Amino acid sequence: TRTSRPQRLLQAVCINAVRGNPDSVIAAIDHFCQNQEWAMNVGDEKGAILDSVVMETSPSTVLELGTYCGYSAVRIMRLLPPATRFITLEMNPDYAAVARQVIQHAGLQDKVCLVEGKSADLIPKMADMFGIRTFDFVFFDHWKDCYLPDIRLLEDCGLLDQGSVVLADNVLCPGAPEYLDYVRSSLRFSSRFYRSHLEYTRVLDGLERSEYLGHRDAQRD
Ligand SMILES: CCNc1ncnc2c1ncn2[C@@H]1O[C@H](/C=C/CNC(=O)c2cc(-c3ccc(F)cc3)cc(O)c2O)[C@@H](O)[C@H]1O
Ligand SMILES: [Mg+2]
């Protein structure tokens, strides 16, 4: 049977990227998506914003929802020291298999903990499975209608601390309107929007950075 798009993306990485060089893996994926086949990686324009937010947060613990092919896992972990705890969740075993090989080609397999499964099932187990109390940085790039339930779940599980940063991709395209309303109206978050474009296109999109202010009550009316 025909290969899948993630498998063709992985092939482009194996052919064009230098093993052990994360920047060349990122460049190979961006080249493939710009010139061969579009794929839903955060991409180079929004990726540069992701890089800057990661560097200013300099997190010790990181959670990513929606690994897909591993592009943002490589982007994030190429910036952080080996001691950083990085956990990425992926529900699709075929995508997880591709992501593991992309991450390995980048030489980051020892820094990335890819867990197969659904966020709603795994988030409540983070403390037991990994001994992680709170995450300093969380990247949302999974199904857009799951952003709101999952940020509520992170709060309910006590996995956000004062100063924790949640960065969400695609808040304009495909869009996450209920999520945006929530983080922008909640007194427990301070939110700001980074205007950008949908990966590899001129379509408007952006990232929302929401900093957790601590366990307060009430909503802004
Ligand atoms: C069920 C919720 N929990 C989940 N737990 C673990 N993994 C999950 C989960 N949801 C989805 N996933 C995985 O995340 C990935 C899904 C990402 C969804 N992303 C998008 O739909 C998306 C879509 C677009 C897009 C934009 C414009 C278009 F015209 C077409 C597509 C652009 C993006 O940047 C996107 O991120 C897959 O690998 C999926 O298996
Ligand atoms: Mg995305």
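The values are calculated or read from the model by the stated rules, or taken from the named source; none is laboratory data. As the structure is a prediction and not an experimental result, all values here were calculated from the model. Reconstructed Cβ throughout: ideal geometry from the backbone, glycine too, with neighbour counts over all protein chains shown. Keep in mind that these areas ignore ligands, DNA and RNA; they rest on the heavy atoms of the full protein, side chains included. Shrake-Rupley method; radii C 1.70, N 1.55, O 1.52, S 1.80 Å.
Some observations on this one:
- Test: Ala83 is more than 10 Å from ligand 1 (Cβ to nearest atom), more than 26 Å from Ala12 (Cβ to Cβ), of a type in the set (A, V, I, L, M, F, W, C) and assigned to a loop (DSSP other than H, G, I, E, B): yes
- Selection within the stretch 166-207: residues that are within 14 Å of Phe137 (Cβ to Cβ) and within 12 Å of ligand 2 (Cβ to nearest atom). The member of this set that is surrounded by the most Cβ atoms within 10 Å (Cβ to Cβ) is Asp169.
- Condition check for Ser4: within 15 Å of ligand 1 (Cβ to nearest atom) and small (Gly, Ala, Ser): yes
- Only one entry of Arg85, Arg100, Arg78 meets the criterion of being among the basic types (Lys, Arg) and either buried (at least 23 other Cβ atoms within 10 Å of the Cβ) or over 24 Å from Ser164 (Cα atoms) (or both), and that entry is Arg100.
- Filtered residues of the stretch 28-78 (kept if within 12 Å of ligand 2 (Cβ to nearest atom) and of a type in the set (Gly, Ala, Ser)): Ala39, Gly43, Gly47, Gly66, Ser72
- Selected residue (criterion: nearest to ligand 1 (Cβ to nearest atom)) from residues of the stretch 58-67 that are assigned to a loop (DSSP other than H, G, I, E, B) and surrounded by 18 or more Cβ atoms within 10 Å (Cβ to Cβ): Gly66
- Looking across Gly158, Gly131, Gly163, one residue alone is modelled with pLDDT of 95 or more, away from ligand 2 (no atom under 16 Å from the Cβ), among the small types (Gly, Ala, Ser) and open to solvent by 40 Å² or more (accessible area, probe 1.4 Å). It is Gly131.
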